[in-house]
1. Within the group V141, V170, which residue is buried (at least 16 other Cβ atoms within 10 Å of the Cβ), within 28 Å of I106 (Cα to Cα) and either out of contact with any helix residue (DSSP H, G or I) (no Cβ under 9 Å at 6 or more places or on another chain) or not basic (K, R) (or both)?
2. Mind checking which pairs have a first residue in the range 17-29 that is at positive phi and part of a loop (DSSP other than H, G, I, E, B) and a second that is of a type in the set (V, I, T) and surrounded by 20 or more Cβ atoms within 10 Å (Cβ to Cβ), Cβ under 9 Å, 6 or more apart or different chains?
3. Being touching a residue at least 12 places away in the same chain (Cβ under 8 Å), crowded, with 17+ Cβ neighbours inside 10 Å and polar (S, T, N, Q) narrows it down to one residue among T59, T37; which is it?
4. Taking the stated definitions as given, is K92 over 27 Å from T16 (Cα atoms), in contact (Cβ under 8 Å) with a residue 24 or more places away in the chain, surrounded by 15 or more Cβ atoms within 10 Å (Cβ to Cβ) and among the charged types (D, E, K, R)?
5. Could you tell me which of the residues E109, E124 is part of a helix (DSSP H, G or I) and either of a type in the set (G, A, S) or surrounded by fewer than 17 Cβ atoms within 10 Å (Cβ to Cβ) (or both)?
6. Which is part of a loop (DSSP other than H, G, I, E, B) and among the small types (G, A, S), of S138, S134, S147, S119?
7. From F155, F166, F103, which residue is closer than 30 Å to K4 by Cβ and either part of a helix (DSSP H, G or I) or modelled with pLDDT of 95 or more (or both)?
8. Collect the residues in the range 173-183 that are in a loop (DSSP other than H, G, I, E, B) and either touching a strand residue (DSSP E or B) at 6+ places or on another chain (Cβ under 9 Å) or buried (at least 16 other Cβ atoms within 10 Å of the Cβ) (or both), keeping them in residue-number order.
Amino acid sequence: MMKKRCEWAKNEPNLTYHDTEWGVPEHNDQKLFEFLTLEGAQAGLSWSTILNRRDGYRTAFSNFDVIMISKYTQNHIKKLVENKAIIRNKLKIHSVINNAKKFIEIQNEFGSFNEYVWSFVNHETVNNKFKNHSDLPSYTVISETLSCDLKKHGFTFVGPTICYAFMQAVGMVNDHTVNCFKFSK
């Protein structure tokens, strides 16, 4: 019997991502930075485009090690702009480096990025009960608040829509539709 899934998870790589990661509560800072980076890279593109380049991002950005990324030089940037394994948008590349520096500042201020970001949902997943994918919002009051606060801390490529996609990805909100086998998990 075929499992019922969210509408967007019909084909690879979305299917495996949906079944194994999307909406699963994530608390590891390095993984949180990875998701924040990938959501920013996705702006204006399809999610499958980013998933197909995920390994390229891991290699290009030192497996999302914020300390290493925060030390990237102009030479690193030049190589990244030429790297066909990632989206070669200069603004997005500069954003990753900037956000790594700001991420470290958040870790120093709050003890971890996990502690900081999960505080926006009182450290518990918000369980939505949407029937159809078309019912899902592109942003919420919480994602707008998170976006404003991240921007206040100097982050870039963290608008309300990117923040909401990040929140969905890391399980801060459960937006699996009610007919999806992952909804109750």
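The values are calculated or read from the model by the stated rules, or taken from the named source; none is laboratory data. Note that the structure is a prediction, hence the values are computed from the model and not measured. Please note: Cβ atoms are built from the backbone with ideal geometry, for glycine as well, and neighbour counts cover all protein chains shown.
1. Numbers: V141 fails: buried (at least 16 other Cβ atoms within 10 Å of the Cβ).
Going through V141, V170 in turn, the sole match is V170.
2. G23/V170; G23/V173
3. Values: T59 fails: crowded, with 17+ Cβ neighbours inside 10 Å.
Exactly one of T59, T37 is touching a residue at least 12 places away in the same chain (Cβ under 8 Å), crowded, with 17+ Cβ neighbours inside 10 Å and polar (S, T, N, Q), namely T37.
4. Details: over 27 Å from T16 (Cα atoms): no; in contact (Cβ under 8 Å) with a residue 24 or more places away in the chain: yes; surrounded by 15 or more Cβ atoms within 10 Å (Cβ to Cβ): yes; among the charged types (D, E, K, R): yes.
Here the answer is no, as K92 does not meet what is asked.
5. Numbers: E124 fails: part of a helix (DSSP H, G or I).
Of the residues listed, the single one that is part of a helix (DSSP H, G or I) and either of a type in the set (G, A, S) or surrounded by fewer than 17 Cβ atoms within 10 Å (Cβ to Cβ) (or both) is E109.
6. Working: S134 fails: part of a loop (DSSP other than H, G, I, E, B); S147 fails: part of a loop (DSSP other than H, G, I, E, B); S119 fails: part of a loop (DSSP other than H, G, I, E, B).
Within the list S138, S134, S147, S119, the selection yields S138.
7. On the way: F155 fails: closer than 30 Å to K4 by Cβ; F103 fails: closer than 30 Å to K4 by Cβ.
One residue alone meets the criteria, F166.
8. Filtering the range 173-183 down to residues in a loop (DSSP other than H, G, I, E, B) leaves 175-183.
Hits for the range 173-183 are D175, H176, T177, C180, K182, F183.
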